[in-house]
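First the structure, then my questions, so here it is.
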Amino acid sequence: MKKYYVTTPIYYVNDKPHLGHIYTTLAADVIARFKRQDGYDVFFLTGTDEHGQKMDKTAKTKGVPVKQFCDENTAKFKDAANTMNFSYDYFIRTTDENHIKCVQDIWQKMMDKGAIYLGKYAGWYAVRDEAFYDESEIIDGFAPTGAPVEWVEEESYFFRLSDYQDRLLKLYEEQPDFVMPEYRKNEVISFVKSGLHDLSVSRTTFSWGIPVPNDPKHVMYVWLDALFNYWTPFYNKDEPQSFWPADVHIVGKDILRFHAVYWPAFLMAIDLPLPKRVFAHGWWLVQGEKMSKSLGNVLDPLTYVEKYGLDYVRYFLMREMPFGNDHSFSHESFLTLCNSELANKVGNLVQRVVSFVHKFANGVVPQAKFNDSDKATLLESYAVVEKMRMHIDKQAIHLAFEEVVKLANAANEYMDYNAPWSIRNTDEKRMNTVLYTLIEMIRVIAILLKPIVPTSSDKILDILEISQEKRMFDMLNAENAIASDSKLREPSIIFPRITE
Ligand code: MSP
């Protein structure tokens, strides 16, 4: 079986999850589900990033022991993942014993290879970003991200990042899809071309981190600890290479530098194969502005789930924002998109066709005698999955599902054009063929929509009595078409119109 490995960033648990976290994991979930339905053996990894100064400080401000604080917030991330129906295969916590062992082992390997040396750091650090900044990057006393910075001077271990400039540039050239989208790759390349400094990878002024082997007054820099989460599930396993390296790391644009520069350099240092791709998505904004607690404009997707239903939220987040770009969240667009694409195009089609079959064809899939145009319509429906594969392989999630919307349009047009109601008394055979074609198109639509709206798709496929194992993409062909004479269940409303 072909393997596929997809990851999300691991999230800081200094607060409960918000739209940004949920968005990133949702994208990975849709890709993971798509690949599983396409016959791949998928490994989908997510989790929490629990060490570092930010966690330590926040827990202290709250007056809670830091591990307890991590446990409480991690539970909220797991709850949110369940609410969102995320199908992860492994949930990693950087406080897990096997992760700590794994990273200490990696550290030792880096030491043995001479990739790490002891020195002294003097420079800027932003706790909010958990990032070191060069003097030249500081703007009016702040990090380029707007985060406050503090001056740090301490003994520190360094990773020889400066040794990797040429190898990294070669990587971007030889593996042109390593960083996507393209325009973000150019940002990465110019950052690397501008010259790389060795990276401070340990701290001594606090202790909430993984102790450096043989020098426990140092804890490891949280990003070194965090990035190796992607390797931990395979550490000390018999066949680690079966999923390694990742096919795609899904990350937000704000953490691209860590994934596209530091991460491959770390892997090169210990001779582990490099990931195939790092894809950086954009940010959800509110009226063009960044969401932030201080602005009070932070959106909680879970209240939307409660109010409108999970599948609408999953669908909207993936369809509305071109994956890669920034985009403003708007309540009006939420209503418009869900109503126009799911309620009017898909829900309504299922309702009309299945009710009609119950009224005028005994609730049974009728016999068909296709003309050339019916045959062409069905062949085009079966071909949609191939277009979707091409989009998903470029992480163009919004475009992949636009193909299903086009198919739903085609089905509605087919229905209006062939108007089965108008030939009910004059040409029953033709009416039956038209109904059969429509039911078959609904089967295809429901199977294709399953990665993004799994519960609703399953409801449609239940109505059509399609068994679980027949919901895979290799069933999208004439050989596996729905059988005539099989019974349909009574229709139920799958995508109710949202009115306010
Ligand atoms: N812990 C690090 C990642 C370590 S990965 C080895 C981290 N965590 S985070 O909790 O701050 O955020 C993780 C993700 O949430 C990022 O990919 C980030 O882009 C995403 N988002 C945070 N706010 C966002 C929006 N407003 N919109 C979309 N995603 C954004 O960084």
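Between a first residue in the range 93-111 that is among the acidic types (Asp, Glu) and a second residue that is not in a helix (DSSP H, G or I), which pairs have beta carbons less than 9 Å apart while being 6 or more apart in sequence or on different chains?
If the second residue must be not in a helix (DSSP H, G or I), the pairs left are 96/47; 105/213; 105/235; 105/236.
Quickly run through the range 44-75 and pick out the residues that are within 26 Å of the chain's Cα centre (by Cα) and acidic (Asp, Glu).
Of everything in the range 44-75, those that are within 26 Å of the chain's Cα centre (by Cα) and acidic (Asp, Glu) turn out to be 49, 50, 71, 72.
While we're on this one: Every residue in the range 1-11 that is more than 10 Å from the ligand (Cβ to nearest atom) and either crowded, with 24+ Cβ neighbours inside 10 Å or of a type in the set (A, V, I, L, M, F, W, C) (or both), please.
Taking the range 1-11 as the starting set, the residues that turn out to be more than 10 Å from the ligand (Cβ to nearest atom) are 1-6.
Selection gives 1, 5, 6.
Sticking with this one: Does residue 258 meet the test of being under 17 Å from residue 103 (Cα atoms), within 13 Å of the ligand (Cβ to nearest atom) and surrounded by fewer than 22 Cβ atoms within 10 Å (Cβ to Cβ)?
Working: under 17 Å from residue 103 (Cα atoms): yes; within 13 Å of the ligand (Cβ to nearest atom): yes; surrounded by fewer than 22 Cβ atoms within 10 Å (Cβ to Cβ): yes.
Criteria met by residue 258.
Yes or no: residue 302 more than 11 Å from the ligand (Cβ to nearest atom), within 28 Å of residue 128 (Cα to Cα) and touching a Ser or Thr at 6+ places or on another chain (Cβ under 8 Å)?
Values: more than 11 Å from the ligand (Cβ to nearest atom): yes; within 28 Å of residue 128 (Cα to Cα): yes; touching a Ser or Thr at 6+ places or on another chain (Cβ under 8 Å): yes.
Yes: the conditions hold for residue 302.
Next question, about the same structure. Scanning the range 44-64 for residues that are of a type in the set (Asp, Glu) and closer than 26 Å to residue 86 by Cβ, which turns out farthest from the ligand (Cβ to nearest atom)?
Step one: list which residues in the range 44-64 are of a type in the set (Asp, Glu), which gives 49-50, 56.
Next, from what is left, pick out any that are closer than 26 Å to residue 86 by Cβ: 49-50.
Values: 49: 3, 50: 9 Å.
The extreme case among them is 50.
Quickly run through the range 211-227 and pick out the residues that are in contact with a Pro (Cβ under 9 Å, 6 or more places away or on another chain) and in contact (Cβ under 8 Å) with a residue 24 or more places away in the chain.
Within the range 211-227, the first condition is being in contact with a Pro (Cβ under 9 Å, 6 or more places away or on another chain), and the residues that meet it are 217-220, 226.
Within the range 211-227, 218, 219, 220, 226 meet the criteria.
While we're on this one: Which one is nearest to residue 199 (Cα to Cα), of the residues in the range 70-90 that are in contact (Cβ under 8 Å) with a residue 40 or more places away in the chain and out of contact with any Leu (no Cβ under 8 Å at 6 or more places or on another chain)? Show your work before the answer.
First, the residues of the range 70-90 that are in contact (Cβ under 8 Å) with a residue 40 or more places away in the chain: 70, 73-74, 76-77, 80-81, 83-90.
With out of contact with any Leu (no Cβ under 8 Å at 6 or more places or on another chain) added as a condition, the list becomes 70, 73-74, 76-77, 81, 87.
Values: 70: 27, 73: 30, 74: 29, 76: 33, 77: 30, 81: 34, 87: 35 Å.
Taking the candidates together, the pick is 70.
Just one of the numbered conditions (1) farther than 30 Å from residue 464 by Cα; (2) of a type outside the set (Phe, Trp, Tyr); (3) in contact with a helix residue (DSSP H, G or I) (Cβ under 7 Å, 6 or more places away or on another chain) is not true of residue 337; which one?
Looking at each condition in turn, residue 337 falls short on (1).
For the range 75-89, which positions are within 9 Å of residue 46 (Cβ to Cβ) and in a helix (DSSP H, G or I)?
Correct list: 77, 81.
So, one more: Touching a residue at least 12 places away in the same chain (Cβ under 8 Å), within 24 Å of residue 6 (Cβ to Cβ) and not basic (Lys, Arg), is that true of residue 367?
Values: touching a residue at least 12 places away in the same chain (Cβ under 8 Å): yes; within 24 Å of residue 6 (Cβ to Cβ): no; not basic (Lys, Arg): yes.
In short, no.
Which number in (1) in contact with a helix residue (DSSP H, G or I) (Cβ under 6 Å, 6 or more places away or on another chain); (2) without any contact (Cβ under 8 Å) to a residue 12 or more places away in the chain marks the one condition that residue 403 misses?
Only one criterion is unmet by residue 403, namely (2).
Checking the conditions here, which among 316, 279, 266 is more than 16 Å from residue 331 (Cα to Cα), surrounded by 19 or more Cβ atoms within 10 Å (Cβ to Cβ) and in contact with a helix residue (DSSP H, G or I) (Cβ under 8 Å, 6 or more places away or on another chain)? Full working, then the answer.
Numbers: 316 fails: more than 16 Å from residue 331 (Cα to Cα); 279 fails: in contact with a helix residue (DSSP H, G or I) (Cβ under 8 Å, 6 or more places away or on another chain).
On inspection, the qualifying residue turns out to be 266.
With the condition being over 24 Å from residue 246 (Cα atoms) and within 29 Å of the chain's Cα centre (by Cα), I'd like the strands (runs of 3 or more DSSP E) fully within the range 115-221 carrying at least 2 qualifying residues. Can you show your working first?
Numbers: elements: 116-126, 131-133, 150-159.
Hits in the range 115-221: 131-133.
Run down 73, 14 and say which single residue is buried (at least 20 other Cβ atoms within 10 Å of the Cβ) and either acidic (Asp, Glu) or modelled with pLDDT under 95 (or both).
On the way: 73 fails: either acidic (Asp, Glu) or modelled with pLDDT under 95 (or both).
The unique qualifying residue is 14.
Also, I was wondering about something else. Can you run down the residue pairs with Cβ atoms below 6 Å, 6 or more apart or on separate chains, where the first is in the range 228-239 and assigned to a loop (DSSP other than H, G, I, E, B) and the partner is within 14 Å of the ligand (Cβ to nearest atom)?
Cβ pairs passing all conditions: 235/102.
Would a scan of the range 17-39 turn up a residue that is away from the ligand (no atom under 15 Å from the Cβ) and farther than 26 Å from residue 274 by Cβ?
yes
Just to be sure, is residue 129 surrounded by 14 or more Cβ atoms within 10 Å (Cβ to Cβ) and at pLDDT below 95?
Taking the combined requirement at face value, the residue satisfies it.
Report whether or not residue 288 is surrounded by 16 or more Cβ atoms within 10 Å (Cβ to Cβ) and either touching a strand residue (DSSP E or B) at 6+ places or on another chain (Cβ under 6 Å) or under 28 Å from residue 229 (Cα atoms) (or both).
no
The values are calculated or read from the model by the stated rules, or taken from the named source; none is laboratory data. Predicted model, so just to flag it, every value in this text is computed and none were measured. With ideal geometry, Cβ positions are generated from the backbone for all residues, glycine too; neighbour counts draw on all protein chains shown.
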